[in-house]
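Participant: First the structure, which I've put down as structure tokens, then a few questions once you've had a look.
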Amino acid sequence: MKKVIFAETPYQVIVSLYIKKQYSKKDDIVDLIITDTFNGHINLYNNLVNKNIFNNVFIAKAEDLILPKSIKKRIKKLYYILLPQKMIKKSLGTIDFYDEIYCWNYDAFIANIRSYFALNNKPARLFIYDEGYVSYFPLNKVIPKKGFLKIIEFRNKLAGISNVIRENIDGILLFEPELLIYEPNCPILVLNKTQGLTNEFKKLIEELFNTYNIIQNYDKKYIIFEEAMFSNSDEFDDEKIILDIVNKVGKDNVLIKLHPRTKEDRFSKLGIKTLGSDGIPWEAITLTGDFSNKILIAISSGSIVNYRLTYGKNMRAILLFKLFKTNLKYLSSNYDKFWNKLKSTYPESGIYMPETMEELDKILTEIRK
């Protein structure tokens with residue numbers, strides 16, 4: 001059987017290793033396609049090739065196709081959406097036909113590749129895998145069906161492959177199925193998190209992501225996670241709240257973990273220690289040492305919960321999402337429901353979700369004491 005796994009973030013590469021080990025047989029051909037959408041993808045690609053973990057590893061030139069930033073590029077994206085063979089040639093050159101596709105980001109790029117298989121009478125089974133807390137939400141609440149996805153499905157209907165739609169998937173692979181906040185209409189497959197606790201796996205992650213002795217860099221008590229999707233927008237004044245926290249706990253006690261897609265280090269200019277724009281995922285870093293005495297702070301970063309999901313480790317975390325009034329789907333009632341379910345399932349997990357600045361101040365004061 002021929003299988004392909006798509007990874008659009010460094011963390012997704014880690015999950016790909018779980019899938020390769022647990023859901024492939026000795027004679028299967030398992031290829032990995034990583035995209036150019038995150039920092040450090042070339043170094044990671046070279047390390048993956050040298051390790052011979054997958055039969056083949058490819059880099060897809062997908063950033064402009066997935067995230068077009070100008071009208072001209074959006075028009076080009078529409079052109080490639082309508083002609084998937086042209087999109088594949090542009091981004092990958094060529095691609096084999098596979099029996100199974102594994103991905104999280106069911107975006108226009110992957111949806112069009114899946115459609116290309118079906119248009120050539122080579123339909124592939126589709127599996128969605130764990131990408132953190134959003135994987136436990138209803139898919140239509142996370143990836144709204146609009147724009148290019150709707151165009152692809154309309155094109156598929158005209159072409160006689162109307163069953164190639166986002167809702168038609170063959171399974172979901174999750175680390176913690178009991179945390180689902182809805183009932184999927186497809187099989188649920190469990191990813192065995194104990195794989196990530198073996199010395200062999202830890203050594204592999206260290207070599208792939210070059211995390212040698214990296215724990216020494218995370219020498220601060222408070223680790224704040226930047227979230228690139230907000231980036232100090234009109235709706236989210238993240239700098240203000242981050243600086244407020246820094247002033248309360250002391251600059252010398254804080255480290256800011258930059259988002260893998262961040263293009264500008266906003267905080268080192270302010271004299272705050274920063275790390276992490278090199279594409280090394282938090283899930284690789286946490287394998288190298290004990291973070292149980294750290295305080296993890298974020299608006300809604302999936303990295304915090306992945307510490308629990310991927311390796312089964314507890315944490316001390318402060319989530320700030322309730323301090324913001326927003327209509328973002330990521331921070332809907334589903335998000336609140338998920339964290340409450342995690343807290344009730346694992347009461348020892350050490351999660352704080354302040355609803356006011358006064359409550360945040362009280363939590364920080366108690367921690368300092």
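Participant: Looking at (1) hydrophobic (A, V, I, L, M, F, W, C); (2) crowded, with 22+ Cβ neighbours inside 10 Å; (3) in contact with a Lys or Arg (Cβ under 8 Å, 6 or more places away or on another chain), which is the only condition ILE272 fails?
Facilitator: Of everything listed in (1) hydrophobic (A, V, I, L, M, F, W, C); (2) crowded, with 22+ Cβ neighbours inside 10 Å; (3) in contact with a Lys or Arg (Cβ under 8 Å, 6 or more places away or on another chain), ILE272 misses just condition (2).
Participant: May I pose another question? Test VAL30 against the criterion of being more than 30 Å from LYS257 (Cβ to Cβ), part of a strand (DSSP E or B) and not small (Gly, Ala, Ser), and give yes or no.
Facilitator: Details: more than 30 Å from LYS257 (Cβ to Cβ): yes; part of a strand (DSSP E or B): yes; not small (Gly, Ala, Ser): yes.
So VAL30 passes the test.
Participant: Can you find, within the stretch 151-164, the residue that is farthest from the chain's Cα centre (by Cα) among those that are buried (at least 18 other Cβ atoms within 10 Å of the Cβ) and among the β-branched types (Val, Ile, Thr)?
Facilitator: Among those that are buried (at least 18 other Cβ atoms within 10 Å of the Cβ) and among the β-branched types (Val, Ile, Thr), it is ILE161.
Participant: For the stretch 299-326, which positions are assigned to a helix (DSSP H, G or I) and more than 13 Å from the chain's Cα centre (by Cα)?
Facilitator: ARG308, TYR311, PHE321, LYS322, LEU323
Participant: Based on what the data block shows, is LEU83 under 26 Å from VAL142 (Cβ atoms), surrounded by fewer than 18 Cβ atoms within 10 Å (Cβ to Cβ) and not polar (S, T, N, Q)? Talk me through it step by step, then tell me what you get.
Facilitator: Numbers: under 26 Å from VAL142 (Cβ atoms): no; surrounded by fewer than 18 Cβ atoms within 10 Å (Cβ to Cβ): yes; not polar (S, T, N, Q): yes.
In short, no.
Here, each number is a calculation from the coordinates, and none is a lab measurement. Note that the structure is predicted; figures quoted are calculated from it, not measured. Every residue, glycine among them, receives a Cβ derived from its backbone with ideal geometry; neighbour counts consider all protein chains shown.
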